Each structure stands twice: as C-alpha cells, then as structure tokens.
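Single-structure report; data block below.
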Amino acid sequence: MEEIPVYVISGFMDSGKTTLIRHTLLEEDGFGEGEKTLLIVCEDGDEEYDAQQLEDINVKMLMIENEEDFTETLLKNINAQYLPEQVFIEYNGTWGMDTLLETKLPAGWQIVQSLATVDGSTFDMYLTNMRSMIMEQLFGVDAVIINRCDDNTPKGKFRRSIKAVNRPAQIVYERLDGSVDESEEELPFDLSQEKIEISDADYAIWYMDAQENYKKYDGKKVEFLGYVYNPEKMKKGVFVPGRFAMTCCIEDVTFLGFKCKYADSKQIPHKSWVHIIAEIHVEFAKEYKGKGPVLYPILVEAAEKPKDELVYFS
C-alpha cells in the first residue's frame, strides 16, 4: 500500500499554526502542486483559510470541533470519503497529545513530520503558569517554531526549556517580519576564562550547552558543585558527578551528569557532594553513544549539600 504522508502541526491557539500551514501549502515548492490534500482543522482560530485558494490547489478542508470526535472510526471514514494523497492536521492546543498519538490512523497514513508553533511574546508566561500543559505539546515534535521574536526574546531560556523535554527537536526563531533569527544566544558564564566557574543557577544551562556544543569546551577547565553517582557496580576509574534538574514539574526530575575518569573514583562515596575542578576532553563514550565531554579531575574534595539540591533550565 502506498504511504500517505501526514504532517501534524500543534500549538496553542493563536500561536501561528494556520499561518504556517497556509505558507506551506500555498508558497513552498512540493506541497501545492496538485496532490490531493486533506486538511483536518481541530480548532477555529482568528486566522482563517481562503476556501477558493485551497480549492485551487486541490485541498479539501474538514473541521473536527470536539476532542472526543477525533477517533479511529472517524479518520477511517474520512479517508474512504476523500482518498487523500497527503494529510495536514492542525491539532488543537488544548487537547491531550495522547488523543492524537494513541488514535490508530487509517491504513497507509504515516506521520512523517510533526511541528509545534509557539508565540514568542507569550511563551514565557505559559512557562510560568502552564508549563506542563505547553510542554506536552512540544515533547515529541521534530521541530519547534518560535515566532514573533524580537531583541528581548529570551531565546536561551526557551531553548533550554524545550531541550529539557525534547533534546532532538530543531528550534527555529522567527522575528515579527517572518525572517529567521540566527543570532547566537548569550551564555551566563565566560568561556574565555582560564577556568569556567559554573554556579548552581547555571549548571543546567552549561550541561545542555556542553552536550550539544562539546567541541568548544575541549581542553577547557571547569569548576562546579556536583552530586556523585558512584555505585559499587560502576566501572573502576569512572564516576559521574552531576545535578538533579527539574525539567517540567516536580514530578519530572532527571539527573544531568558527566562521565568522569578518575583513578581514585572508588574513594568517592556514592551519593555524596563534591567540589570539583576538571579539564574537559572530547572523547567517544558509550554512555553518550558517540563523542562528548569527558571530565578529567584536577581537584575533587568533599562539599556541603546545597540549600536547594535541584537545578533549573530557566
């Protein structure tokens, strides 16, 4: 059976889903060339589609207004009626993503790309007040498009929040005029220093950047407070210092640690706190499933537990 590609666009209302789909269908090469397209719209936003424009490029639009109506039976009936060659789903930002992901798609339908749109002018507010709900929209998507950005948009904070729950996701920043913002994000620590001092507040930021951009840390010295993972079964000469980070809510806490090669590793108690100064070498490590930052300690000494044991991505 021939595969029918399905493109899913999610995000809260007024985050730019309709604008993105209109641009894709009407302007991008490869989408508006006569394929029999079915557009399933799951919410009625401020932006609307031009029925004549859709008809001109062989697009049929269908509205599903209620989450309980998004079912396997309905989708099978839609497929039989429209016989599409490709499908776009504009998903409702207030519906649970499990409704979409757990609903069996018609034979041949295959999700080939999932995108989420975010309004950069309101994202910070949502992160503060509705973090779990908005992060559910971003958890499994291939790319996140943050639009309506300006010079004051905290791009680093947004990127870290998204990468905390969906590391592989591509993140694109668009300015108000629709152009892509490719300016670099500022880091809260100075990479030009002989020794980079990482505070508790900056640990998660450093961890994410070091994992994604490890080459720029090769040969650098770093200093931080770490919680030690060093059980008896750990390979001799290796321990893992890191911190527990809250990614989404208090129920979603994950350990962010680095592989550390140290001859006296067995002298460091499991689940202890240490002050560590180390040199970073970029090496292949099976724990990273490829190359990544491996620490070689210069100093390891016992330390007091911090007042707040968690670190954060904001």
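In order along region 210-220, the phi-based Karplus estimate (6.51 cos²θ - 1.76 cosθ + 1.60, θ = phi - 60°) of 3J(HN,Hα) comes to 5, 6, 8, 10, 4, 4, 6, 9, 4, x, 7 Hz; Gly and Pro are listed as x. Helices in the chain, meaning DSSP H runs of at least 4 residues, each add -39500 (n - 2.57). Divided by all residues, the mean residue ellipticity at 222 nm is -6000 deg cm²/dmol.
For the chain, the relative contact order works out to 14 percent when only alpha carbon pairs closer than 8 Å and six or more residues apart are counted. Label sites at LEU62 and TYR288, each approximated as a point 7 angstrom past Cα along Cα to Cβ, lie 4.7 nm apart.
Think of each Lys and Arg Cβ as +1 and each Asp and Glu Cβ as -1; about the Cα centre, that makes the dipole of the chain roughly 2380 debye. Net charge of the neighbourhood of ILE196, taken over other residues with C-beta under 9 Å away and scored Lys/Arg +1, Asp/Glu -1, is -1.
Assuming R0 = 30 Å, what is the FRET efficiency of MET130 and ILE171, from their Cβ-Cβ distance, to the nearest 0.05? The formula returns an efficiency of 0.95 here. The GLU3 and ALA51 beta-carbon pair, evaluated with R₀ = 25 Å, returns a calculated FRET efficiency of approximately 0.35. From the Cα gyration tensor of region 255-309, with a ≥ b ≥ c the square roots of its eigenvalues, which class applies: rounded if a/c is under 1.5, or else prolate if a/b is larger than b/c, or else oblate? Because a/c hits 1.5 or more and a/b exceeds b/c, region 255-309 counts as prolate. Largest first, the residues ASP56, ASP50 sort by 1.4 Å accessible area into ASP56, ASP50. Applying 0.36 nm per residue to the separation of ASP151 and VAL238 and subtracting their alpha-carbon distance, the gain on full extension is 27.0 nm.
Judged by the ratio a/c of the largest to the smallest principal axis of the C-alpha gyration tensor, region 40-146 counts as prolate, that ratio being 1.5 or greater while a/b is larger than b/c. Packing, taken as the mean count of other beta carbons within 10 Å per residue, orders the peptides 167-179, 5-17 from highest to lowest as 5-17, 167-179.
Between SER199, TYR214, MET135, the Cα set farthest toward the positive side of the dipole of region 105-226 (charges on each charged residue's Cβ, about the Cα centre) is that of MET135.
A simple charge model with +1 on the Cβ of Lys and Arg, -1 on the Cβ of Asp and Glu and nothing else charged puts the dipole of region 27-160 at about 740 debye relative to its Cα centre.
As a length-normalised measure over Cα pairs under 8 Å and 6 or more apart, the relative contact order of region 39-128 settles at 36 percent. Per-residue Karplus couplings for region 230-243, computed as 6.51 cos²θ - 1.76 cosθ + 1.60 with θ equal to phi - 60°, are listed in order as 8, x, 4, 6, 5, 4, 4, x, 9, 9, 10, x, x, 9 Hz, Gly and Pro entered as x. Phi angles across region 157-163 convert, under the Karplus curve 6.51 cos²θ - 1.76 cosθ + 1.60 with θ = phi - 60°, into 3J(HN,Hα) values of 4, 4, 4, 5, 5, 6, 5 Hz, Gly and Pro given as x. Summing charges over neighbours of MET97, with a neighbour being any other residue whose Cβ is under 13 Å away from its Cβ, gives -4 when K and R count +1 and D and E count -1.
How charged is the neighbourhood of ASN166? Take every other residue with its Cβ under 15 Å from the Cβ of ASN166, and add Lys/Arg as +1 and Asp/Glu as -1. After counting each charged neighbour, the total is +1.
By definition, a body whose alpha carbon gyration tensor gives a ≥ b ≥ c is prolate when a/c is 1.5 or more and a/b is larger than b/c, and region 163-275 fits this prolate description. Projecting the Cα atoms of ILE40, LEU101, THR24 onto the charge dipole of region 5-117, computed from C-beta unit charges around the Cα centre, puts LEU101 farthest toward the positive end.
The values are calculated or read from the model by the stated rules, or taken from the named source; none is laboratory data. These numbers come from a predicted model, not from an experiment. Heads up, the Cβs are rebuilt from the backbone with ideal geometry, glycines too, and the neighbour counts pull from every protein chain shown. When the accessible area is computed, the model is the full protein with side chains, heavy atoms only, and any ligands, DNA or RNA have been set aside. Shrake-Rupley method; radii C 1.70, N 1.55, O 1.52, S 1.80 Å.
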